[in-house]
1. Enter the per residue convex hull volume of region 86-200, computed from alpha-carbon coordinates, in Å³ rounded to the nearest integer.
2. Starting from the Cα of residue 111, draw a straight line to each of the lysines and keep only those under 29 Å, dropping any in the same chain fewer than 8 residues away.
3. Please name which of 125, 99, 115 has its Cα lying farthest along the dipole of region 87-135 towards the positive end, using unit charges on Cβ (Lys, Arg +1; Asp, Glu -1) and the Cα centre as origin.
4. State the extension gain, in nm to one decimal, for the chain segment bounded by residue 21 and residue 145, taking 0.36 nm per residue of separation less the distance between their alpha-carbons.
5. Taking Cα pairs under 8 Å and at least six residues apart, what relative contact order does region 60-164 come out at, in percent?
6. Please report, in debye to the nearest 20, how large the charge dipole of the chain is about its Cα centre when each Lys and Arg carries +1 at its beta carbon and each Asp and Glu carries -1 there.
7. Let's test the formula: R0 of 35 Å, r as the Cβ-Cβ distance of residue 113 and residue 56. What FRET efficiency results, to the nearest 0.05?
8. Can you give the % of DSSP beta bridges in the chain that are antiparallel, to the nearest 5?
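All of the numbers you see were taken from the coordinates with simple rules; none came from a lab. Just so we're clear, the structure is a prediction, and the values are computed from it rather than from any experiment. Here the Cβ positions follow ideal geometry from the backbone for every residue, glycine too, while neighbour counts run over all protein chains shown.
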Amino acid sequence: MIAIIGGSGLSQLSNLDITRREVVRTPYGEPSGALLFGHLCDQQTVFIARHGYGHTIPPHGVNYRANLWALKEAGAKEIISVASVGGIQDHLGPGVLMVPDQIIDYTWGRKATYFDGVDGPVVHVDFTDPYDASLRARILAAARNAGEAIVDGGTYAATQGPRLETAAEVTRLERDGAHVIGMTGMPEAVLARELGIPYAAIVVVVNQAAGRGSSAHGIQMADIEATAKTAMVRVHNVLQHFCTN
Ligand code: HPA
């Protein structure tokens, strides 16, 4: 069973033929919404919208522990996250797709572990490579087969949000080695690792980061939404080829 976590712009997976919808509870509370079960090509797939189906949950308000736990309980053997990001460097402009290979976590105050020492032992998971290498490779192969250009590797800076960054913050993130900026990559990735589920992400650049290029004088939500709409069609195409492989 493949799990797909849809972000902003992907609260529905139009090529998923839904057979079942399940509202679940977890020891960590309620997930963002019902789990949607169905088939993508012939593969059993479970989908959840990270921000809820009406996009009402902000990045810092997502119950990441409940979402990941629910997907594991549902039988997910691998998880593909789809998320929108801002691109820092010029070649990472609106519409670019990327499969990142590294993360820097700037988030704070989120419930970011199952191993908080309350009910069980303290465990320090290895997180050297935060994304699963073989799942990444299969997504990249699917994109090639789909004829969709996609950037192989890059560092995802996870910021707290919900506000966008200042221009100076973007300069700092670039100095740190980041290529794209998003608000939901963490703790999602580490929770998947703690549960032992291979996890990788397809990120969609929906805007140039604050202070850069077309965002030199501000970022317009209407532009982001228009870019996300067309780019998500290409993400669907990649996912379609992922599951037929
Ligand atoms: N910054 C942070 N998160 C984002 C951005 C951004 O510019 N665009 C989409 N998600």
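1. 114 Å³
2. 72, 77
3. 115
4. Once the chain is fully extended between residue 21 and residue 145, it gains 41.6 nm.
5. Across region 60-164, relative contact order equals 43 percent.
6. Computed charge dipole of the chain: roughly 360 debye.
7. 0.85
8. Restricted to the chain, the bridges split so that about 35 percent are antiparallel.
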